[in-house]
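Taking it in order: structure first as structure tokens, then the write-up.
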Amino acid sequence: MANTSSFRLAAWGRWMLSTVIGLIVGGFVGTGAAFLAVPLMNIFIPLLPLPGANTQGAIGYILLGCAIAGAVVAGAVIGTFQWFVLQRWFEHSRWWIPATAIGWTGIAVAITILTYTHVAGTVGQANGTFIETTLWDNAGAIARSVSGVLIAALLMGLFQAFALRFTFLKVLLWIAMNVLAFLIASAILIIWVRGAGGMFGIPVFFAAYSPVYAAISGVIILRLRTSG
């Protein structure tokens, strides 16, 4: 019994370590890829038939394009670190890396929208005055942005579960874990940042998400591995 507990603790530790390192390295590499994508987006976005692509609206498209480029790279890095552990436990794991990269694409778009959603603070008015808003004043916008994150988390969980060929109940459990981890990180972002948003909000989100996801997913992945 002690040997079994030690094995499970060591396995959980390997998953935690690989996931946290993957998130850190993937975050840095993905950020670099996003910045490298800026000149390319500046060239190609105005050529696309998108509303406002040739005006100031292009800034939003460039931001999302760079976020997607960075997310694909970051997701591939994160998935690779996790795969080194998973391939020992699951016979079918070769699609984990592309599934994770694709999943993080949707996450990147949703997180970008969330971090630029005004949640509380001072808002300038057309007449030059300012008013203070609260979380409740912006509840609708917050709910829509968080819903986008949760939908993206659901899809990533689905892609990853299919990559490991989980049964139906295991798919539901893995999706629920992903949704819970991203919900906690979203709540921490909203409560902590409170309107600062933007680029500052992204590292706050990942600082909240990384330990929560690594810990919870480690417990779940071991349960799924040993549950037959």
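Does the range 195-227 hold any residues that are at pLDDT below 80, more than 15 Å from the chain's Cα centre (by Cα) and either surrounded by 14 or more Cβ atoms within 10 Å (Cβ to Cβ) or under 26 Å from Arg8 (Cα atoms) (or both), and which are they? Once the filter is applied, which keeps residues that are at pLDDT below 80, more than 15 Å from the chain's Cα centre (by Cα) and either surrounded by 14 or more Cβ atoms within 10 Å (Cβ to Cβ) or under 26 Å from Arg8 (Cα atoms) (or both), the range 195-227 yields Gly195, Ala196, Gly197, Arg225, Thr226, Ser227.
Of note, Gly27 does not satisfy the criterion of being over 16 Å from the mean Cα position of the chain (by Cα), within 21 Å of Thr115 (Cβ to Cβ) and either at pLDDT 75 or above or open to solvent by less than 70 Å² (accessible area, probe 1.4 Å) (or both).
Taking the range 81-95 as the range and being open to solvent by 70 Å² or more (accessible area, probe 1.4 Å) and assigned to a loop (DSSP other than H, G, I, E, B) as the test, the residues that pass are Glu91, Arg94, Trp95. Just one of the listed residues (Ile45, Ile68, Ile102) is modelled with pLDDT of 90 or more, assigned to a helix (DSSP H, G or I), surrounded by 14 or more Cβ atoms within 10 Å (Cβ to Cβ) and not hydroxyl-bearing (Ser, Thr, Tyr), namely Ile102. Pairs meeting the criteria (first residue in the range 103-117 and hydroxyl-bearing (Ser, Thr, Tyr), second residue assigned to a loop (DSSP other than H, G, I, E, B) and open to solvent by less than 20 Å² (accessible area, probe 1.4 Å), beta carbons under 8 Å, at least 6 apart or on different chains) are Thr115/Gly197; Tyr116/Gly197; Thr117/Gly197. Residue pairs whose Cβ atoms lie under 9 Å apart, separated by 6 or more positions or on different chains, with the first residue in the range 163-177 and at negative phi and the second in a loop (DSSP other than H, G, I, E, B) and among the basic types (Lys, Arg), are Ala163/Arg94.
The values are calculated or read from the model by the stated rules, or taken from the named source; none is laboratory data. Computed from a prediction, not measured in an experiment: that's the story for all the values here. Quick reminder, even Gly has a Cβ in these numbers, built from the backbone with ideal geometry, and neighbours come from all protein chains shown. Just so you know, the surface numbers come from the protein's heavy atoms only, side chains and all, with ligands and any DNA or RNA stripped out. Shrake-Rupley method; radii C 1.70, N 1.55, O 1.52, S 1.80 Å.
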